[in-house]
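Read-outs: derived from the displayed coordinates by stated rules, not from any lab. Just so it is clear, the model here is predicted, and its values are computed rather than measured. Backbone-built Cβ (ideal geometry, glycine too); neighbour counts: all protein chains shown.
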Amino acid sequence: MKQNARKAFNELKALGVPVVEFDHYGGHFQLSAEEDNSSEWVDYYNGSLGDFGIHNTINGILDKHGLFAEWQDAAIASVWDV
C-alpha cells in the first residue's frame with residue numbers, strides 16, 4: 001500500500017471506520033458496509049450520510065491524502081488515488 005493510502009487507512013481505523021484489505025477488490029484498501037458499526041460510516045442506500053453514502057469525515061480524510069472511494073457493490077467501496 002502506498003504511503004498516502006496507509007496514512008489514510010490508519011486515520012480512518014483510529015476513528016472506528018470499517019476499513020479492510022481484500023486482495024480480490026481493487027484499490028489500496030476498502031470500506032466495508034457489512035461490519036457492526038458500518039451504517040454510521042458507509043451505506044450504499046443512504047445518500048444523506050454523505051457523498052454517495054460515504055460519511056463526509058471519510059471523504060475529508062481521503063481528500064487530504066489524494067484519494068477517493070468508489071462503490072464496487074453495495075457492500076464494499078474501494079479507495080483509489082485521485
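Structure values in brief
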quantity	calculated
Residues of segment 42-82 with amide N under 14 Å of the 7 Å Cα→Cβ point at residue 13	none
Charge context of residue 35, other residues only, Cβ under 13 angstrom, K/R +1, D/E -1	-3
Net lengthening on full extension, residue 57/residue 6 (0.36 nm per residue, minus Cα-Cα)	16.7 nm
With Cα atoms, 0 to 90° folded angle of helix 3-15 axis to the chain main axis	40 degrees
Most mobile of 27, 53, 16 in a GNM of the chain (Cα contacts under 10 Å)	16
Potential lengthening between residue 73 and residue 35 on full extension [0.36 nm per residue; Cα-Cα distance subtracted]	12.2 nm
Of 55, 65, 24, the one that fluctuates the most in a GNM where the chain has Cα springs shorter than 10 Å	24
Derived scalar couplings ³J(HN,Hα) [segment 46-57; Karplus, 6.51 cos²θ - 1.76 cosθ + 1.60; whole Hz; x for Gly, Pro]	10, x, 7, 5, x, 4, 6, x, 10, 3, 4, 4
Normalised contact order of the chain, rounded percent, pairs of Cα under 8 Å and 6 or more residues apart	28 percent
Within segment 1-70, chymotrypsin sites (Phe, Trp or Tyr not before Pro) in DSSP loop having at most 12 other beta-carbon neighbours inside 10 Å	45
Order of 43, 36 under a 10 Å beta carbon neighbour criterion, fewest first	36, 43
Cβ charges +1 (Lys, Arg) and -1 (Asp, Glu), total dipole of segment 15-82, debye	220 debye
Candidates 14, 33, 69: whichever shows maximal mean-square fluctuation once the chain is modelled as a Gaussian network with Cα springs under 10 Å	14
Distance between modelled label sites at residue 22 and residue 64, nm, 7 Å Cα→Cβ extension	2.7 nm
